[in-house]
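Asker: Following this message is one structure expressed as structure tokens.
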């Protein structure tokens, strides 16, 4: 049986139902555990993982192939992540790094490519409701090394009206 795409796993997480929703989501992630899934979640949630790519979605050609017929899936493509984040390959030419990323996106199913771009920028919350830091931490203890600090809400300046 073919492994589901990581984007399909995350989409399935949004459809989980049950009385104890948090526990059901944790169990769902644990059931679908894989190295690429954990890597994508860590890229999104871990402050220790620093992207060397520009923010946003780069210009790339979406693969028109249906799910299962794409050239490569993240189950193999995740090995290239080391080039896109701070670590061993910091000195790599930035243009080459960006071209490698675009090449990876073009070889993935379009849903996987969009999901990877969201994860790179830490925005998986936007597309996958129910995917929270707490769910990820409970499903994979120790995965997130540096938890993002909660930012205090910005105080609004109140202008005093002159009479």
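Just so you know, all these numbers are worked out from the coordinates, no wet-lab data involved. Predicted model only: the values in this text are computed from it and were never measured. Here the Cβ is made from the backbone with ideal geometry for all residues, glycine too, and neighbour counts use every protein chain on show.
Asker: Using only alpha carbon pairs under 8 Å that are at least six residues apart, calculate the relative contact order of the chain and give it in whole percent.
Answerer: Numbers: 164 pairs, mean separation 58.1, N = 163.
It comes to 36 percent, rounded to a whole number.
Asker: Between 19, 96, 31, where does the largest GNM mean-square fluctuation fall for the chain, given springs only between Cα atoms within less than 10 Å?
Answerer: With Cα springs under 10 Å in the chain, the top fluctuation among 19, 96, 31 is at 19.
Asker: Moving to a separate point now. Looking only at 33, 123, 93, which one moves most when the chain is put into a Gaussian network model with springs between Cα atoms under 10 Å?
Answerer: Of the options given, 93 has the highest mean-square fluctuation.
Asker: While we're looking at this one, here's another question. With springs connecting C-alpha atoms under 10 Å apart, model the chain as a Gaussian network and identify which of 39, 63, 126 has the largest mean-square fluctuation.
Answerer: Between 39, 63, 126, it is 126 that shows the largest mean-square fluctuation.
Asker: Determine the shape class of region 77-148: with a ≥ b ≥ c the square roots of the Cα gyration tensor eigenvalues, call it rounded for a/c under 1.5, and otherwise prolate if a/b is greater than b/c, oblate otherwise.
Answerer: Numbers: a/c = 2.50, a/b = 1.44, b/c = 1.74.
Judged from the Cα gyration tensor, region 77-148 comes out oblate (a/c at least 1.5, b/c at or above a/b).
Asker: Under the Kirkwood approximation applied to all pairs of distinct alpha-carbon atoms, what is the hydrodynamic radius of the chain in Å?
Answerer: After inverting the mean inverse Cα-Cα distance, the result is 17.3 Å.
Asker: Is the C-alpha gyration tensor of region 6-56 telling us rounded, prolate or oblate? Criteria: a/c under 1.5 is rounded; beyond that, a/b larger than b/c is prolate, otherwise oblate. Display every interim value, and only then the final one.
Answerer: Numbers: a/c = 2.32, a/b = 2.27, b/c = 1.02.
It comes out prolate by the Cα gyration axes.
Asker: As a test of the formula, what do you get for the chain when each DSSP H run with n ≥ 4 contributes -39,500 (n - 2.57) and the sum is divided by the residue count, at 222 nm and rounded to the nearest 500 deg cm²/dmol? Don't jump to the answer; show the numbers that get you there.
Answerer: Values: 8 runs with 71 residues, N = 163.
Value at 222 nm, helices only, nearest 500: -12000 deg cm²/dmol.
Asker: Sorted from fewest to most neighbouring beta carbons within 10 Å, what does the list 115, 69 look like? Walk me through the numbers on the way to the answer.
Answerer: On the way: 115 25, 69 9.
Sorted ascending by nearby Cβ count, the order is 69, 115.
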